[in-house]
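Input: a single structure, listed below in structure tokens.
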Amino acid sequence: MVSGRMTDSNWSTGVNLEGINALSLKPGKSSAILPMSTPRFSFSTTAEEVATALANEITGKNVLITGTSMNGIGFETARVIAKHANLVIITGYNEERLKLSEDALKRENPAANIRTLVLDLASLAAVRKGAAEVNTYSEPIHVLIHNAAAAIGPFNVTVDGFESQIATAHIGPFLFTKLILPKLLAAGAPTPTYIPRVVYLSSEAHAFGNGVNLEAIGKPNEETYQSMMAYCEAKSANVLMGVEISRRSGGRVNGYSVHPGAIFTNIMQKEESLVDYQHFEILDKDGQPNPERFAWKTIPQGAATTIVAAFDPGLNDIPGTYLVDCNAANDKAAAHSLDLNHAQKLWDVTEEIVGEKFEF
């Protein structure tokens, strides 16, 4: 298949609910969609292995990754990309932890070009401040990876009055992407064959429940709040945004969403999250991963699918794709999270929430 930009006229061939399985790759299987030179990746593939295989695609790129605290998927993503990329921008809302990540990355790879950005996605004012700083950079942004998330736990609202999980995983990233869009578009301008990418860290949990409640997204209710359902809604929003940013951009930006797998990371070890994880038997009574509940991945394995979504050229012609175990897997995505009408409505509602139009 010849690479090319997706236009409004042929968009439906990229993501179509009736033909979605025809575009999907089964984990561990190869497909004619991918170039023959693309290595086969799977459940056990590590981020290092993917980055090495796709080194030519990563070389020269400027990549911004949100949520890069140590012992997390975002940090591992930054670590392996930094070995090849021109610039890696790491973000976090805690300046001290962000400095620890920066120091660790530079210790391992002194030649890496690492830049830090203090970014609190739970605050619209902080998002605007962070985006303004990015827009002062001389470099374009080739890949934006939305990795940050809020911990699952008791009901909590942000300074703007939004439920914390949907705010951090969707509302804040939506505004941030909108505000730094010129930087993304600038990455594609010099080379018409290159399409900038936005990658959204989702989860297979997006399929639980009925997807995003558009009526309630900006109106949190403590009485009806369920922490795990809030998580599922936020992850559904991530899949929908991968679809909708691809459609709205008319081929100028490609969006993808990924299920990284079940990984025991820093966010799962937060005290406020432990009760919920144990209640659903995701963690055992000692707060450790429950092997009877999931097939667990290591952090290096968990970051691998992100690298594929960010750089694999075999995905150029299937924007909006949902990936699992390093392969396109739209057959594993819930219909409500690939629904084009629902994606459009979520975009429109989020524009109203942030008070800004996001147009290309």
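Key figures for this structure:
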item	result
Cα centroid of the range 337-360 to Cα centroid of the range 197-243, whole Å	14 Å
Listed candidates [x] 139; [y] 213; [z] 127 - label of the one calculated as volume of the Cα convex hull per residue in Å³	[z]
For the chain: accessible area per residue (Å², 1.4 Å)	42 Å²
Dmax and Rg, reported as Rg then Dmax, of the range 84-123 (C-alpha, Å)	10.7, 33
Charge context of Gly287, other residues only, Cβ under 15 angstrom, K/R +1, D/E -1	-3
Charge dipole (the chain, unit charges on Cβ, about Cα centre) - positive-most of Gln226, Thr168, Leu54	Leu54
Farthest toward positive dipole pole in the range 277-360 [+1 Lys/Arg, -1 Asp/Glu at C-beta], among Gln301, Trp347, Pro313	Gln301
Local electrostatic count, Pro260, Cβ distance below 14 Å [Lys/Arg +1, Asp/Glu -1]	0
Percent carbon-and-sulfur accessible area, the chain, ignoring ligands, DNA and RNA, probe 1.4 Å	50 percent
Relative frequency of Cα-Cα separations exceeding 20 Å in the range 101-251, percent	55 percent
Percent breakdown of C-alpha pair distances by 5 Å bin, ordered from the shortest bin, for the range 89-171	3, 13, 20, 22, 20, 11, 6, 3, 0
Distance violations [Cα-Cα > 20 Å] among Lys61/Lys235; Lys297/Lys332; Lys83/Lys129; Lys235/Lys357; Lys178/Lys357; Lys61/Lys183	Lys61/Lys235; Lys83/Lys129; Lys235/Lys357
Whole-Å distance, taken between Cα centres, linking the range 102-120 and the range 123-142	17 Å
Net charge dipole size for the chain [Lys, Arg +1 and Asp, Glu -1 on Cβ; Debye, nearest 20]	1080 debye
Over the chain: helical MRE at 222 nm, DSSP H runs n ≥ 4 each giving -39500 (n - 2.57), nearest 500	-10000 deg cm²/dmol
By average C-beta atoms within 10 angstrom, highest first, the peptides 120-132, 307-319, 213-225	307-319, 120-132, 213-225
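The values are calculated or read from the model by the stated rules, or taken from the named source; none is laboratory data. In this text the structure is predicted, and so the values were computed from the model without any measurement. Counting neighbours? That spans all protein chains shown, and the Cβs are built from the backbone with ideal geometry, glycine included. For accessibility, only protein heavy atoms count, side chains too; no ligands or nucleic acids. Shrake-Rupley method; radii C 1.70, N 1.55, O 1.52, S 1.80 Å.
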